[in-house]
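Read the structure below first, then the notes.
The values are calculated or read from the model by the stated rules, or taken from the named source; none is laboratory data. Note that this is a predicted model, so its numbers are computed, not measured. Neighbour counts are summed over all protein chains in view; Cβ atoms, including those assigned to glycine, are modelled from backbone coordinates with ideal geometry. Remember, those area values only see protein heavy atoms, side chains included, never the ligands or the DNA or RNA. Shrake-Rupley method; radii C 1.70, N 1.55, O 1.52, S 1.80 Å.
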Amino acid sequence: RPKPMLPIANKPILEHIINATKKAGAKEIVIVQDKSGHIGNYFGDGKNLGVKISYVVQEQKLGTAHAISLCESFITDDNFLVVNGDNFVRVEVLTDLVRKHKGDATITLLEVPDKELMGTLSTVKIEKDRIVKIVEKPKPHEILSPFASIGTYAFSSYLFDEIRKIKKSQRGEYELPTAMQLLLDEKKEMYYVKTQYWQHISYPWDLLTANKMFLD
């Protein structure tokens, strides 16, 4: 089954994310799913959860930026949230992000002292209250600071213009950090909020940690 459907406290990770985005003020949610339709079959139109859910299908795994681009026609307001479906995110994180969002992007940062873990995330360079540079999956010598972007963002619709400009990475994907760096190159304003509450689900034992976080 898709990783976002793995259970934490007897509910799929994605159900916790939907509930958190609802509590943060979201009423309409677009889910990017694979061809299996497993996610859509489970959640339906979202009425039972008190939100409106629409779906788009990503036929090939061409990266996060490509997945976001598929949602453009659904974005009717200038600003929108992006949340990775396989991260256990607490409602406080999303509420803080919505409250503090300004400029063309606001991203959530986590302090990551582990260089090996940082190599799976995106490192950022900070100047005062803004992000000035971002590098996806950095090698040890490319790490810009102890802080990493953790896959929870607020963007203006200008992001779609930048996504259209990027090319496939060496991994054969359209990378979101590449589009975000283009925002910075265009002198767009990118701010941040910091959090301590995040759990990436990469390994089976991460589910144990996430369950403990939820139960606490």
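Rg then Dmax, both in Å and based on the Cα atoms of the stretch 48-143: 15.7, 48. With both labels modelled 7 Å from their Cα along Cα-to-Cβ, the Ser157 to Thr76 distance reads 1.2 nm. Between amide H atoms placed 1.01 Å from N, distances below 5 Å from Phe147 occur with Val112, Val124, all of them 5 or more places distant or on a separate chain. Expressed in units of 2.2 N^0.38 Å, where N is the residue count, the Cα radius of gyration of the chain is 0.97. Averaging 1/r over each pair of different alpha-carbon atoms in the stretch 151-216 and inverting the result gives 14.6 Å, the Kirkwood hydrodynamic radius. Rolling a 1.4 Å probe across the protein heavy atoms gives the stretch 125-186 an accessible surface of 52 Å² per residue.
Carbon and sulfur: what percent of the stretch 64-143's accessible surface (1.4 Å probe)? Heavy-atom surface of the stretch 64-143 belonging to carbon and sulfur, 1.4 Å probe: 50 percent.
State, as an integer percentage, the relative contact order of the stretch 32-183 based on alpha-carbon contacts under 8 Å between residues 6 or more apart. Each step should come with its number before you reach the end.
Details: 219 pairs, mean separation 40.4, N = 152.
So the answer I get is 27 percent.
Taking 0.36 nm per residue of separation and subtracting the Cα-Cα distance, full extension of the segment from Tyr55 to Lys188 would add 44.9 nm. Largest accessible area first, the listed residues Asp96, Asp77 line up as Asp77, Asp96 when surface is computed with a 1.4 Å probe on the assembled protein chains.
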